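What follows draws every value from the coordinates through simple rules; no lab data is involved. A quick note: this is a predicted structure, and the numbers were derived from the prediction, not measured. Neighbour counts are summed over all protein chains in view; Cβ atoms, including those assigned to glycine, are modelled from backbone coordinates with ideal geometry.
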Amino acid sequence: MNPSRNLILVGPMGAGKSCIGRRLAERYGLPFVDADREIERRTGTSVTTIFECEGEAGFRARERAALAELAALDGAVIATGGGAVLDPATRGLLRERGFVVHLQVAVAQQLERLARDRSRPLLARDDREQVLHDLAAQRGPLYAEIADLAFDTGRSTGAEAAERLGAQLDAVWQRDGVHA
């Protein structure tokens, strides 16, 4: 058990971190913050443009800084980007400052959910399925390393997944000693 006021969602793109996060924030009466949207707000440009201008390393530096500030919040639902777990210091910070939920999704569901999405820089390649498999192999163990709870979003809608996850969180998430 990891008592914490913050609920932090990690997982691959297309797992539903933003959609489910918004619903959980509403359920618990907490603010919702999407880390990628926060980075875009701060820079005044899209994640795609940051990748184009600064490369992945530049984006990851911005992500580290944003997540350090977001993790310092006292009572929020935070949706991270899929690669947030790549940095060991960020993994430690997320684990220390939040109850971390690893949203899991099969590559087949990711492909369905992301079929029309052209805003993901890492998917701007010919073989999207192979990219997703490669990312899962690299990042899956890192999500598992910091997760207090693993939750399979499966074929559920965002509302269904949020309802099921909320029921599980009610039983296990302690907001600094008080159950959610």
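As a proxy for reagent exposure, ranking Leu9, Leu149 by other Cβ atoms within 10 Å from fewest up yields Leu149, Leu9. With respect to the chain, whose longest principal axis is taken over its alpha-carbon atoms, helix 158-172 is tilted by about 40°. Across all Cα atoms of the chain, the radius of gyration (one decimal) and Dmax (whole number) stand at 15.4, 48 Å.
Highest mean first, the peptides 59-71, 89-101, 106-118, 154-166 sorted by other C-beta atoms within 10 Å per residue fall in the order 89-101, 59-71, 154-166, 106-118. Estimated translational diffusion coefficient (Stokes-Einstein, Kirkwood radius over Cα pairs, 4 °C, 1.567 mPa s) of region 1-105: 94 µm² per second. Three principal axis extents describe the C-alpha atoms of region 53-145; from largest down they are 40, 31, 21 Å.
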